[in-house]
Structures are given as C-alpha cells and as structure tokens.
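Q: What follows is a single structure, and I will ask about it in a moment.
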Amino acid sequence: MIIRYRMEMSFSIFSIGDRVRALNIFRYDIEESVCMRGHDTIEHPADMGVRGWGTDARESFEEVASAMFELMVETGGLEPLGSVSIACDGNGYEELLIEFLNTLLSRAHLEEMMFTGVRIDRMEQKGEKWTVEATARGVPRERVRDRLLTEVKAATYYGASVKRIESGVWEAQCVVDL
C-alpha cells in the first residue's frame with residue numbers, strides 16, 4: 001500500500017495480515033489526527049483503491065479525485081494551465097462518487113488534460129438525486145508525457161463507500177480499474 005499526500009510509506013513487503021493491521025492503525029490515525037483532510041491509495045489484487053477524507057462529503061470527494069489523478073500523473077510542482085467545469089448526479093453518495101470520478105476521467109480524456117486539482121463548487125440534494133458541480137484544473141497531457149504513471153480506465157462500484165466516521169471526518173473510497 002502506498003499512502004499519498006499526508007504520508008509516504010510502502011507496505012508492499014509486508015504480509016496481508018500486516019497490511020490489514022497497518023490499515024487499521026492508519027484508519028485510527030485518520031480518526032485521531034488533527035489533519036482533517038487528505039487522501040491515499042489502497043492496494044487491490046488487480047486494480048487500486050482510492051480513498052479521500054475531509055471535514056465534509058465535498059472535501060472527501062475532492063480528495064479521492066486527487067488520489068485517483070495522482071495514480072495517473074506525478075502532480076507535484078505542476079501549475080494548472082486550464083480548467084473545465086463538470087456536472088453530474090447520482091442516487092445517493094456512492095453513486096454520486098462513481099459518477100463524479102468517471103465524469104472527471106471522461107472530461108480529462110476529451111480535453112486531453114491531466115487534472116491536478118478539483119474544487120467542488122456545489123453539492124446538493126434535489127429530491128432523490130444528489131448533484132455535483134465542480135471545476136477541475138490541469139495541464140495539457142502533451143506537457144506531462146514524461147510524468148505519466150498509469151492509466152485509470154474507470155471508477156467502479158467495488159468497495160464504494162461514502163460515510164462519516166466516528167471522529168466526524170467524512171471518508172469516500174472506491175476501487176479504480178487500471
């Protein structure tokens with residue numbers, strides 16, 4: 001497992017049991033930490049899990065998007081050169097998360113950009129549906145060819161979860177198809 005943003009650690013040499021214990025310790029660190037916002041990745045046998053947390057659902061969605069794009073490109077030190085607006089909706093938080101991430105992936109592909117940051121401008125419930133409007137900032141893919149890491153094909157419903165954990169921190173996660 002590689003934890004990004006707030007921590008950099010590699011647990012790839014440990015057994016599955018050790019990884020589970022490390023994840024439980026890390027989850028405790030999230031709940032007890034003064035750091036109320038961040039993201040990480042979680043190893044999966046064939047794909048990769050992405051997780052984000054924040055003081056509300058909006059921040060957790062922004063962070064999980066950052067985790068996903070950090071799988072795709074080394075974002076450190078990149079200054080955004082452009083932005084695009086996106087909008088999507090879903091029935092419930094989990095569907096909204098998957099739609100949000102897949103809409104970001106689609107727009108990045110269509111615009112030939114690699115996003116370095118996402119800001120949710122509006123997240124609200126309308127009847128049965130939740131709606132998100134966001135602005136994604138990034139750079140042309142051509143400018144970062146030497147920094148590309150792996151291709152994320154899609155966000156999946158496998159392991160999708162959006163919830164408020166005991167400490168009041170919101171956590172969003174899912175598995176992305178590589």
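Q: Does segment 41-62 contain at least one residue that is part of a loop (DSSP other than H, G, I, E, B), within 19 Å of residue 175 (Cα to Cα) and in contact with a strand residue (DSSP E or B) (Cβ under 7 Å, 6 or more places away or on another chain)?
A: Yes, segment 41-62 has at least one match.
Q: Which residue is surrounded by the fewest Cβ atoms within 10 Å (Cβ to Cβ), if the candidates are limited to segment 152-164 and must be of a type in the set (A, V, I, L, M, F, W, C) and over 16 Å from residue 58 (Cβ atoms)?
A: Only one residue fits best here, namely 154.
Q: Identify, please: which residue in segment 133-160 is within 15 Å of the chain's Cα centre (by Cα) and among the basic types (Lys, Arg) and is, among those, nearest to residue 83 (Cα to Cα)?
A: Here the residue is 137.
Q: Give segment 97-143 a look and list any residue that's buried (at least 21 other Cβ atoms within 10 Å of the Cβ), modelled with pLDDT of 95 or more and assigned to a strand (DSSP E or B), or say none.
A: If the condition is that a residue be buried (at least 21 other Cβ atoms within 10 Å of the Cβ), modelled with pLDDT of 95 or more and assigned to a strand (DSSP E or B), then 113, 114, 115, 118, 130, 132, 134, 136, 138 are the ones that fit.
Q: Taking residue 75 as the residue in question, decide whether it is polar (S, T, N, Q), surrounded by fewer than 17 Cβ atoms within 10 Å (Cβ to Cβ) and either out of contact with any Lys or Arg (no Cβ under 7 Å at 6 or more places or on another chain) or at pLDDT 95 or above (or both).
A: Considered against the rule, which asks whether it is polar (S, T, N, Q), surrounded by fewer than 17 Cβ atoms within 10 Å (Cβ to Cβ) and either out of contact with any Lys or Arg (no Cβ under 7 Å at 6 or more places or on another chain) or at pLDDT 95 or above (or both), residue 75 comes out as no.
The values are calculated or read from the model by the stated rules, or taken from the named source; none is laboratory data. Given the structure is predicted, the values throughout are model-derived calculations rather than measurements. No Cβ is skipped: glycine too gets one built from the backbone with ideal geometry, and neighbour counts run over all protein chains shown.
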